[in-house]
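Chemist: Below: one structure in structure tokens.
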Amino acid sequence: MNNKQLLRLPTTILLLVSLLGSILTVEAQNRWSRKIKETYYPSSADNSEQPSLVYAPKKVEGKRPLLVALHTWSSDFQQEGGQPLFGDWCIQNDWFMIHPNFRGKNRTPKALGSDLAVADIVSAVEYMKANYPIDEDRIYLCGVSGGGHMSLLMAGRHPEIWAGVSAWCGMTDIQAWWEEKLEDGPERYAKEIEKACGGKPDKDPKVAEQYRLRSPLTYLSKAGTVNLDINDGIDDGRKGNSVPFTHALYAFNRVVAGTDALSQEDIDYLYKTRKIPEHLQSTIKEPVYGRKYPIFRKSTDTCRVTLFKGGHEIIHEAALNWLNLQRKGQPSVWSVEDPIKLR
């Protein structure tokens, strides 16, 4: 059909054609590339075969980076939506990628930061190293929401693996989030935590210990050697958003401690008002965040926390461009000067 013929079509039909084209485009963007394959690998925890999605570039010179990308709270290794953007980046830049299951949705004892889930991620890295030319100075970890929770947990439990960890909107204190979901909802998250941890933490000390063991805050004091970028939206924790951004601030405090930590007064003020205390205000230029620009930021040599103009979400280009600059054992490079645009 040529342009003249298109102009003769009724407006309603043109709108429908346009809408259909948009839907098809969105669907294509939200699906994993056919170059990414379902792959099983052995977990060291129980010798089980664990599912994952793997991308391996066919022709590479020398060793290449590995991205371990993590699914969210209510999903598994087949999650689509924004997750395929991780694969798109790796295809575009000749990175290896694994998108592990780590025991699936966070509603069973085997999931939600369990020792099994932790071992599955470690084993995913070992599998990729054993089968592909992985640059061990450029092994990266990234996730949002439940994937942000697990990214922070892995930064604390296995800091020796990662050149960079980019964690977005993650739960850092499981008992605190359980209490928040009971109060503000949706309550189903509290119920899922109870299923995973064996009950309510205020009823049984052994259950409370499970909440503690599955919380990143329990381990983040050991993450000081990891280049760690913690992000959350300034609207997260409000209506329609899942995790109060105070979780990110407390994670930063646990890593850096001492004089670099934020005061409780500043944390309370930030969350109550969503405004930056005068003594913490600064000009932040970070074009890679796009319209979700950073509002607040604090950093040390290896750890940074950012609150951006947004909610419970990840900005893939910001996360992946930052990871691209990190090298194991070297201080973090915080400024993204020449970002790579996701095609």
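Chemist: Out of all the residues in the stretch 242-274, which are modelled with pLDDT of 95 or more, closer than 27 Å to SER74 by Cα and polar (S, T, N, Q)?
Modeler: THR246, the sole residue that qualifies.
Chemist: Can you find a residue that is out of contact with any His (no Cβ under 8 Å at 6 or more places or on another chain) and polar (S, T, N, Q) anywhere in the stretch 110-128?
Modeler: yes
Chemist: Considering only the stretch 329-337, I want to know if a residue exists there that is in contact with a strand residue (DSSP E or B) (Cβ under 8 Å, 6 or more places away or on another chain) and more than 21 Å from ALA251 (Cβ to Cβ). Steps first, please.
Modeler: Taking the stretch 329-337 first, the residues in contact with a strand residue (DSSP E or B) (Cβ under 8 Å, 6 or more places away or on another chain) are 329, 332, 334.
Okay, now just the ones that are also more than 21 Å from ALA251 (Cβ to Cβ), so 329.
So far as the stretch 329-337 goes, yes, one or more of its residues are in contact with a strand residue (DSSP E or B) (Cβ under 8 Å, 6 or more places away or on another chain) and more than 21 Å from ALA251 (Cβ to Cβ).
Chemist: Tell me which strands (runs of 3 or more DSSP E) are completely within the stretch 91-195 and hold 3 or more residues being among the aliphatic types (A, V, I, L, M) and touching a residue at least 12 places away in the same chain (Cβ under 8 Å), or say none if there are none.
Modeler: Numbers: elements: 96-100, 134-144, 164-168.
Once the strands (runs of 3 or more DSSP E) in the stretch 91-195 are filtered for at least 3 residues that are among the aliphatic types (A, V, I, L, M) and touching a residue at least 12 places away in the same chain (Cβ under 8 Å), what remains is 134-144.
Chemist: Please find, among LYS203, LYS239, LYS222, the residue that is modelled with pLDDT under 95 and in the same structural domain as ARG274 (by TED's automatic domain parsing). Steps first, answer last, please.
Modeler: Values: LYS203 fails: in the same structural domain as ARG274 (by TED's automatic domain parsing); LYS222 fails: modelled with pLDDT under 95.
After ruling out the rest, the residue left standing is LYS239.
Chemist: What residue, among those in the stretch 285-299 that are part of a loop (DSSP other than H, G, I, E, B) and at pLDDT 95 or above, is surrounded by the fewest Cβ atoms within 10 Å (Cβ to Cβ)?
Modeler: Within the stretch 285-299, the subset part of a loop (DSSP other than H, G, I, E, B) is 285-286, 290-293.
After this cut, where a residue has to be at pLDDT 95 or above as well, the list is 290-293.
Details: GLY290: 13, ARG291: 8, LYS292: 19, TYR293: 15.
Filtering the stretch 285-299 for residues that are part of a loop (DSSP other than H, G, I, E, B) and at pLDDT 95 or above, the one surrounded by the fewest Cβ atoms within 10 Å (Cβ to Cβ) comes out as ARG291.
Chemist: Name the residues in the stretch 246-299 that are within 19 Å of PRO216 (Cβ to Cβ), in contact with a strand residue (DSSP E or B) (Cβ under 6 Å, 6 or more places away or on another chain) and among the basic types (Lys, Arg), would you?
Modeler: LYS298
Chemist: I need the full set of residues from the stretch 195-235 which are crowded, with 19+ Cβ neighbours inside 10 Å, more than 21 Å from LEU320 (Cα to Cα) and among the hydrophobic types (A, V, I, L, M, F, W, C), in order please.
Modeler: Taking the stretch 195-235 and keeping what is crowded, with 19+ Cβ neighbours inside 10 Å, we get 196-197, 201, 210-211, 214-220, 223, 226-234.
Still in the list and also more than 21 Å from LEU320 (Cα to Cα): 196-197, 201, 210-211, 214-220.
Within the stretch 195-235, ALA196, CYS197, LEU217, LEU220 meet the criteria.
Chemist: Among the listed residues ARG238, ARG188, identify the single one that is among the charged types (D, E, K, R), touching a Gly at 6+ places or on another chain (Cβ under 9 Å) and surrounded by fewer than 21 Cβ atoms within 10 Å (Cβ to Cβ).
Modeler: Numbers: ARG188 fails: touching a Gly at 6+ places or on another chain (Cβ under 9 Å).
Among ARG238, ARG188, only ARG238 is among the charged types (D, E, K, R), touching a Gly at 6+ places or on another chain (Cβ under 9 Å) and surrounded by fewer than 21 Cβ atoms within 10 Å (Cβ to Cβ).
The values are calculated or read from the model by the stated rules, or taken from the named source; none is laboratory data. Computed from a predicted model, the values in this text were never measured in an experiment. A quick note on method: Cβ atoms are made from the backbone with ideal geometry, for glycine too, and the neighbour counts reach across all protein chains shown.
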